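Some notes on the structure that comes next.
Please treat every number below as a calculation from the coordinates, not as lab data. What you see is a predicted model; the values in this text were computed from it and never measured.
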Amino acid sequence: WLAQAPVNADWQGGQTADDSGGILNDLEKQAIALEMEKHGGNRTRAARSLGISRSTLYRKLRAYGLDSV
């Protein structure tokens, strides 16, 4: 799924995972948003596709402000 995730056009080279916001967090947020869209907002299917539990997905959706998706 990561190979299909859209690349953030705002990304500036040289950033690391320790930078504010974090590249890994950005990638994770994009992957979650992509899977939610792919599965029509079905959280159970999105969580399964991402390989995480539904409770983890719910927590990450809230953390990334995607809980209205």
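Computed extension length for Arg59-Lys38: 5.6 nm, one decimal, from 0.36 nm per residue of separation with the Cα-Cα distance subtracted.
Run the numbers for Leu66 and Arg48: contour at 0.36 nm per residue of separation, minus the present Cα-Cα distance, in nm. Display every interim value, and only then the final one.
On the way: separation 18, 0.36 × 18 = 6.48 nm, distance 1.73 nm.
Contour length minus the Cα-Cα distance gives 4.7 nm.
Across the range 27-37, rounded Karplus estimates of 3J(HN,Hα) from the backbone phi angles (6.51 cos²θ - 1.76 cosθ + 1.60, θ = phi - 60°) give 5, 5, 4, 5, 5, 5, 4, 4, 5, 4, 5 Hz, Gly and Pro being marked x.
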